[in-house]
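FYI, it's all coordinate maths here, none of it is from the lab. Since the model is a prediction, treat every value here as computed from it, not as a measurement. Heads up, the Cβs are rebuilt from the backbone with ideal geometry, glycines too, and the neighbour counts pull from every protein chain shown.
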Amino acid sequence: MAISIKTAEEIEKMRTAGRLAAEVLTMIEAEVKAGVHTDDLDRICHDFIVNDLDAIPAPLNYRGFPKSICTSVNHQVCHGIPGNRVLKKGDIINIDITVIKDGYHGDTSRMFFVGKPSVQAERIARISYDCMKTGIEMVKPGIHLGDIGHAIQQRAESNHCSVVREYCGHGIGLQFHEEPQVLHYGEPGTKEILKEGMTFTIEPMINAGRPEVKLMPDKWTVVTADHSLSAQWEHTILVVSQGYEILTLVPGTEL
Ligand code: MF3
Ligand code: CO
Ligand code: CO
């Protein structure tokens with residue numbers, strides 16, 4: 001399958017889906033506090049998406065995923081399954097929201113602090129944000145995906161952090177995960193050339209220690225092999241003639 005170029009009608013639907021996904025992250029912020037179970041966060045998001053947004057939580061039953069959001073705490077890299085884990089002061093958590101509205105997907109995630117973060121926790125959250133921002137700001141027609149991957153990798157490694165290789169950003173639209181793969185490492189001038197109308201995510205997973213990851217026995221939760229902290233931010237991006245549009249920004253906010 002080739003990379004799909006979205007029509008004006010499709011782009012309007014992607015804007016709506018993206019905005020709704022962003023609204024879920026805004027809504028859940030007040031609920032991220034010590035003493036909360038991660039499956040409380042899942043239930044609150046599920047009910048908000050279904051009842052208030054009249055949308056579908058894309059993760060639920062996606063390839064067998066059992067919940068409506070992903071919650072990845074501390075050394076968990078991604079795809080954490082909400083459950084009876086209780087958040088405690090000092091934890092950092094990525095909440096990853098994907099909604100389907102009118103057939104189209106919006107996918108975004110961000111880090112939250114539970115209470116006051118340690119210096120190391122604040123640092124890995126900030127560096128992963130900077131990595132995402134570095135990648136997004138490069139997006140425009142004519143550049144290669146390898147240019148973006150290379151810049152993200154440089155940003156991480158110059159800060160003595162590492163880029164997870166096994167998971168990547170992705171094209172998005174009618175499908176949750178479409179072509180192309182958006183690697184967060186690589187070489188300039190390699191991989192696909194961006195064209196106006198492409199939509200994809202940039203979502204670097206950045207580890208404070210080594211890049212290797214392990215899959216937990218639940219077959220979903222990914223953790224750092226060395227148990228170092230990991231952090232991730234994600235936006236859904238549209239390539240426009242002069243650059244990019246971030247489809248998952250909360251209206252009135254900027255990157
Ligand atoms: N939202 C994740 C991503 O950014 C994918 C989660 S797949 C799930 O691509 F099944 F775990 F939900
Ligand atoms: Co994604
Ligand atoms: Co996501």
Point to revise | Where labels lie 7 Å past Cα in the beta-carbon direction, separation of Asn51 and Thr190 in nm | key: 4.9 nm
Check your understanding: How far, in nm, would the chain grow between Leu215 and Asn61 when pulled straight, counting 0.36 nm per residue and subtracting the alpha carbon separation?
Key -> 53.6 nm
**Study point:** Neighbourhood net charge (12 Å Cβ-Cβ; Lys/Arg +1, Asp/Glu -1) for Asp147
**Key:** -1
Practice item. Calculate for the chain the 222 nm mean residue ellipticity that helices alone would give, adding -39,500 (n - 2.57) per DSSP H run of length 4 or more and normalising by residue count, nearest 500 deg cm²/dmol. Key: -8500 deg cm²/dmol
Review point. Can you give the convex hull volume per residue for the Cα atoms of the stretch 8-246, as a whole number of Å³?
Key: 108 Å³
Check your understanding: What dipole magnitude, in Debye to the nearest 20, does the chain give about its Cα centre under +1 on Lys/Arg Cβ and -1 on Asp/Glu Cβ?
Key -> 620 debye
Revision key, fill the gap. Excluding near-sequence neighbours (fewer than 8 apart on one chain), the chain holds lysine pairs with C-alpha atoms under 15 Å apart numbering 10
Exercise for review: Determine the principal axes of the Cα atoms in the stretch 96-192, then give the extent along each, sorted from largest to smallest and rounded to whole angstroms.
Suggested key: 40, 35, 23
Check your understanding: Lys/Arg Cβ at +1, Asp/Glu Cβ at -1, dipole of the chain taken about the Cα centre: which of Met216, Thr248, Cys78 is farthest positive-ward?
Key -> Met216
Exercise for review: Round to the nearest 0.05 the FRET efficiency obtained for Met1 and Asp40 when R0 = 35 Å and r is the Cβ-Cβ distance.
Suggested key: 0.35
Check your understanding: Hey, in the GNM for the chain with a 10 angstrom Cα cutoff, which one of Val77, Val86, Val213 fluctuates hardest?
Key -> Val86
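Add +1 for every Lys or Arg and -1 for every Asp or Glu among the other residues with Cβ under 15 Å from the Cβ of Trp233, and state the total.
In short, -4.
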